[in-house]
Amino acid sequence: ERIGRGSERGDADNWFFETYDVPFPPGKSILVARVWALGVEGDRLTPTAETRNGDPFDVKARAPYAQTSVHPGFLLSPEDPAFVEKLATGKAPWQAKALEGYEFKDPQVAWGTGANVILHGDRMAWGVESGAGEGWGPVREIAPGMDERANDANPYHVLRPATLPPMLDEPRQVGKVRFAADIGESGSTAKIPIREAENQPGLAEAWTAALQSGTPVAVPANSRQRILIDLENYYCAYPELTVSGGRGSLVRVHWQESLYVDDKAGSKGNRDEVEGKFFINIWSHDDGTGDTFLPDGGQGRTFSTLWWQCGRYVEIVVETGDEPLTIDRLAWRETRYPLEPESVFESSDPRMAAAIPMMVRALQMCSHETYMDCPFYEQLMYIGDTRLEVLTTYALTRDDRLPRKALRMFDASRRNHGLTQSRYPSRVLQMIPPFSLWWVAMIHDFALWRGDMAYVEKLQPGARAVLDAFRACTNDDGLIQAPNGWNYMDWVPEWEGGIPPDGNFGVSSVINLQAALVLRQAAKVEEWLGEPDLAHRNRKWADHILDRVREKFWVKSRGVFADDLAHSRFSEHAQSLAILGGGLTDSERSSLKRSLLEDDDLSRQTIYFSHYLFETFRVLGMPEEIQKRLEMWYGLVENGLKTTIEHPEPTRSDCHAWGAHPYFHYLATFAGIRPKLPGFEVVEIRPQLGSLTSLHAKMPTPRGFIEVSVHDGKIDVFVPEGIRGNVIFDGEKRQIG
């Protein structure tokens with residue numbers, strides 16, 4: 001019986017240990033832990049030019065980028081000291097053996113996720129989970145468990161209690177077979193299109209029965225089959241394959257988010273369609289990402305992977321030798337953070353409701369032991385992504401454990417100059433200075449939406465360090481010169497590497513206006529913490545930046561801010577951040593509003609940064625403009641997407657949860673439910689319906705659920721006891737609470 005899959009992902013200074021309550025029955029019990037570690041120094045995969053599309057960082061260890069450690073090992077201690085001698089590692093007579101049969105292979109395009117496996121059944125230690133088999137021997141003690149009180153110690157893991165609940169680990173008997181056929185010689189299937197004319201209905205029915213009811217599938221000797229399974233939703237899951245017989249056979253289980261229209265992996269088309277399409281990877285042009293199982297001929301052999309895989313489509317290739325193979329069972333164990341919606345949103349526009357499952361599923365698939373930018377390619381928690389994921393989480397559920405961990409880990413990532421790393425945990429260093437500013441904004445968001453000011457107070461020294469690091473980048477003109485690092489802002493096609501004009505080495509209005517916005521947010525936090533002097537300092541600097549931006553970037557003839565000092569480039573980003581940052585005159589604000597509506601030469605915000613444009617339209621009282629931009633999300637639903645994508649087509653990733661942010665705006669903008677003071681002590685409810693004629697929203701808050709209903713030009717509001725504030729609707733303002 002599996003107890004758990006710990007330990008929760010962290011870093012060497014935050015090595016989270018799990019605690020399990022195990023009800024041992026009377027008599028003899030056996031505890032077995034499978035310990036695995038990838039990326040030991042010198043243990044490298046062979047680099048290929050295609051692995052990272054020419055990126056010089058081709059050479060990489062086998063471990064996921066997000067997995068950081070000091071050394072492999074296993075640590076267990078009972079909470080009751082009376083059982084230390086019987087159970088604790090270093091005390092009790094634990095035994096160990098090396099598990100053979102694991103071969104590792106490059107995940108190719110899934111470059112951040114860690115090595116995939118080839119499992120050799122003839123060398124596997126079958127029954128090891130019950131302590132069976134030979135080869136057990138004494139363990140080697142490496143290091144004791146330690147906390148921060150350790151003295152004169154070598155590099156070690158600093159132990160901390162896990163902060164999250166166990167990840168979801170539930171069986172899913174899902175999927176339908178879209179294609180099944182006997183195929184020819186061994187080799188790649190990447191260049192072989194899926195053709196309905198070649199589908200064998202009888203074989204497809206047999207595999208469908210295996211998926212849906214567990215009926216065994218008999219695969220004849222000396223045959224080769226190709227099966228394409230549509231899971232009909234996006235899943236992160238451990239595959240579980242139980243087989244009998246088939247010595248010398250091979251079962252390859254590969255995953256894709258979508259099939260491609262051509263064999264160059266250029267575009268994906270409608271995600272529901274498979275006819276004539278290719279199960280192929282971008283960049284490497286190989287046949288998917290996944291694992292291979294090699295049966296040994298035994299009965300009831302269950303194969304699974306060390307780490308989960310993900311996607312919507314699964315391709316299974318079965319090759320048999322001289323023995324037939326029986327597929328006894330094929331199933332999936334879904335894994336993710338147990339994030340479930342508690343909120344409600346309904347409206348007169350059915351398209352809004354139709355897009356909710358896609359946005360919620362994207363957030364679920366990018367929520368694990370950390371948030372993730374994407375599950376398929378990187379599995380890394382980036383600050384820019386995470387801020388939007390966290391805001392959406394606040395609108396979705398009362399559970400804020402994952403947001404708390406994200407804030408804490410980004411604080412732990414800070415370097416000696418004060419800036420956070422762009423993504424963390426990560427064993428590969430990357431700096432995106434604008435993301436450090438968004439971490440400061442995340443602290444403001446947490447204070448406002450959840451109100452735990454004691455937690456905020458612990459994070460605020462790091463926020464101050466980030467702002468001081470940007471202050472150190474101020475040039476003689478009083479503007480922020482591009483900080484060292486990748487100053488990514490948005491995947492705008494005309495911005496090289498997502499960097500705004502002059503954002504690489506020069507002076508960018510976009511970066512300066514972002515800093516001014518975040519400084520004002522940080523000032524609010526300082527006020528809430530009882531630090532008026534620090535609040536004044538932040539506001540004074542924000543005013544100073546805005547004055548300098550006016551002087552250097554304002555184009556009077558157009559009434560807009562340029563992106564660059566040469567006044568040759570313009571973007572929605574600069575205008576939006578200027579409006580959100582405040583401090584503008586009525587004339588400036590009116591002019592920027594006109595520009596956002598009428599200027600065709602502004603670089604447009606893409607899926608990620610659209611959140612800030614939506615916030616801008618909210619501030620301007622223009623919900624109809626948000627509705628226009630939501631057409632892109634409605635198009636995703638029509639195009640068969642089950643999750644939100646990374647950037648406008650053609651997209652690399654079909655699952656990027658930064659695209660789930662419209663759900664936040666459903667409740668916080670259209671229904672207009674927003675806290676005015678930390679933790680919803682004071683709330684403002686200001687619905688902005690645009691073309692909607694009705695809506696009903698229910699939002700979770702730390703103080704209970706707030707409900708807003710608008711029908712026939714009338715509004716009904718319910719707020720829990722202890723919340724006060726205002727309702728502003730149809731030109732009228734009334735107090736509540």
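Estimated from helical segments only, the mean residue ellipticity of the chain at 222 nm is -8000 deg cm²/dmol, where each DSSP H run of four or more residues counts as -39500 (n - 2.57). Based on Cα contacts under 8 Å between residues 6+ apart, the range 106-247 shows a relative contact order of 21 percent. Each Lys and Arg adds +1 at its Cβ and each Asp and Glu adds -1 at its Cβ; summed about the Cα centre, the range 142-237 shows a dipole of about 200 debye. Close amide H partners of Phe179, meaning residues 5 or more places away or on another chain with modelled amide H under 5 Å apart, are Leu228. Applying the Karplus relation 6.51 cos²θ - 1.76 cosθ + 1.60 with θ = phi - 60° to the range 284-292 yields 3J(HN,Hα) values of 7, 6, 9, 9, x, 10, x, 10, 10 Hz, where x marks Gly and Pro. Taken over the range 584-626, the percentage of Cα pairs per 5 Å bin, counting from 0 up to the bin with the maximum distance, is 5, 21, 28, 31, 13, 2. Please report, as a whole percent, how much of the solvent-accessible surface of the range 452-596 comes from carbon and sulfur atoms (probe radius 1.4 Å). Answer for the range 452-596 is 49 percent, counting heavy atoms of protein chains only. Rounded to the nearest 20 debye, the dipole size of the range 503-545 about its Cα centre is 120 debye, using +1 on the Cβ of Lys and Arg and -1 on the Cβ of Asp and Glu. Taking the chain, the Cys residues with no second Cys beta-carbon under 4.7 angstrom are Cys366, Cys374, Cys473, Cys655.
The relative contact order of the chain comes to 12 percent, based on Cα pairs under 8 Å that sit 6 or more residues apart.
Taken about its Cα centre, the range 628-737 carries a charge dipole of about 300 debye when Lys and Arg each add +1 at the Cβ and Asp and Glu each add -1 at the Cβ. Here the chain carries DSSP beta bridges of which approximately 90% are antiparallel, counting only pairs with both residues inside. Residues His417, His647 ordered from highest to lowest accessible area at a 1.4 Å probe: His417, His647.
On a 32 Å Cα-Cα criterion, which of the cross-link pairs Lys642/Lys698; Lys458/Lys714; Lys28/Lys97; Lys628/Lys676 come out too long? Cα-Cα > 32 Å for Lys458/Lys714; rest within. Taking every protein chain into account, the accessible area of the chain amounts to 41 square angstrom per residue (probe 1.4 Å).
The range 76-129 and the range 269-321 have Cα centres lying 24 Å from one another.
Per-peptide packing, taken as the mean over residues of other Cβ atoms within 10 Å, places 449-461, 17-29, 654-666 in the sequence 654-666, 449-461, 17-29 from highest down. Toward the positive end of the charge dipole of the range 78-230, with +1 on the Cβ of Lys and Arg and -1 on the Cβ of Asp and Glu, the farthest Cα among Gly90, Leu211, Trp126 is that of Leu211. Shown here: percent of Cα pairs over 50 Å apart, derived from the displayed model; of the candidates [x] 26; [y] 19; [z] 13, it corresponds to [y].
The values are calculated or read from the model by the stated rules, or taken from the named source; none is laboratory data. All values reported here derive from a predicted model rather than from experimental measurement. All Cβ positions, even for glycine, are placed from backbone atoms using ideal geometry, and neighbour counts span all protein chains on display. Note: accessible area is taken over every heavy atom of the protein model, side chains too, but ligands, DNA and RNA are not part of it. Shrake-Rupley method; radii C 1.70, N 1.55, O 1.52, S 1.80 Å.
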